[in-house]
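Any read-out appearing in this document is the output of simple, stated calculations on the displayed coordinates, not a laboratory observation. These numbers come from a predicted model, not from an experiment. FYI the Cβ positions are ideal-geometry reconstructions off the backbone, even for glycines, and counts take in every protein chain you see.
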Amino acid sequence: MESDEIQFVSTQRNQQKLVYRGRCYTLKRTNRNDKCWICASGIRRCRGTLSTNLEATEVIRLSEHAESCPVNPHAFYHHQQLAELRRLASEDTRPVMEIYNELASNAYTSSDTAVYFPSWEQARNTMYYIRAKRYQRLPARRQDLRLTAEKTTTKSGAQLLAESNCWCGDGKFKIVPSWYQQLFTLHVFLRGKLLPVVYCLTVRKDLPTYSWIFEVLHSKAEEVGVQLDPAKFVCDFKIALIPAI
């Protein structure tokens with residue numbers, strides 16, 4: 001529904017878009033006594049403008065829009081949902097399509113919102129744009145990949161290993177990037193559940209590789225002042241892993 005209330009939504013570049021009476025505007029300039037906003041519809045030859053006070057709480061002047069520039073009574077809802085999709089694409093690590101489908105399914109429970117929810121074509125580019133800014137692209141070569149401690153390490157992992165008398169090891173081969181042979185993980189039991197605490201991407205699955213993993217673990221444990229000495233180690237049949245334990 002059209003509203004005489006001034007409302008704001010965020011764009012994918014973190015700028016403010018003003019919504020008023022079913023139309024969207026972006027800030028063109030700030031004058032000494034007012035702000036000038038221009039139509040954000042993208043319609044050619046539409047020169048619709050809106051002027052507000054400096055606080056953007058009151059409309060001072062409003063000019064005509066092109067006849068081909070439509071009024072959308074649900075513009076605020078539409079752009080608000082786009083902003084929410086962008087936020088989730090940035091903060092939620094699930095696949096972009098899964099995030100969109102979940103929010104869309106919630107909107108489609110009501111005919112009042114389903115029609116005005118952004119289509120996948122409208123949301124896809126902006127969601128992938130935000131995701132690309134949040135998560136850097138992989139380099140061309142594995143040797144150029146830099147995994148810093150800030151990206152890969154928590155302080156609680158070594159403590160959980162030290163407190164557990166039973167570790168479980170597992171290797172995954174089909175879900176790893178083509179650069180690697182496996183994702184080797186270590187798990188502990190916590191409150192009756194198996195909790196992964198160590199993740200290792202390896203280019204080999206031989207005795208030197210597994211031995212190096214455990215050497216690094218013991219070294220890191222010493223740095224934080226804990227001792228790793230599990231009474232039991234559970235794994236499936238990995239010939240190279242067993243001698244390294």
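Here is a yes/no grid of residues against (1) free of Cβ contacts under 8 Å to residues at least 60 places away in the same chain; (2) closer than 19 Å to Q7 by Cβ; (3) part of a helix (DSSP H, G or I):
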site: R86; (1), (2), (3): no, yes, yes
site: Y100; (1), (2), (3): yes, no, yes
site: T109; (1), (2), (3): yes, no, no
site: R124; (1), (2), (3): yes, no, yes
site: Q136; (1), (2), (3): yes, no, no
Number of positions in segment 194-245 that are within 21 Å of Q182 (Cβ to Cβ) and in a loop (DSSP other than H, G, I, E, B): 10
The one condition in (1) assigned to a loop (DSSP other than H, G, I, E, B); (2) over 23 Å from D112 (Cα atoms); (3) touching a residue at least 24 places away in the same chain (Cβ under 8 Å) that L50 fails to fulfil: (1)
Hits in segment 82-106 (condition: basic (K, R) and surrounded by fewer than 18 Cβ atoms within 10 Å (Cβ to Cβ)): R87, R94
Residues satisfying the stated conditions in segment 214-239, i.e. surrounded by 15 or more Cβ atoms within 10 Å (Cβ to Cβ) and touching a Phe, Trp or Tyr at 6+ places or on another chain (Cβ under 7 Å): P230
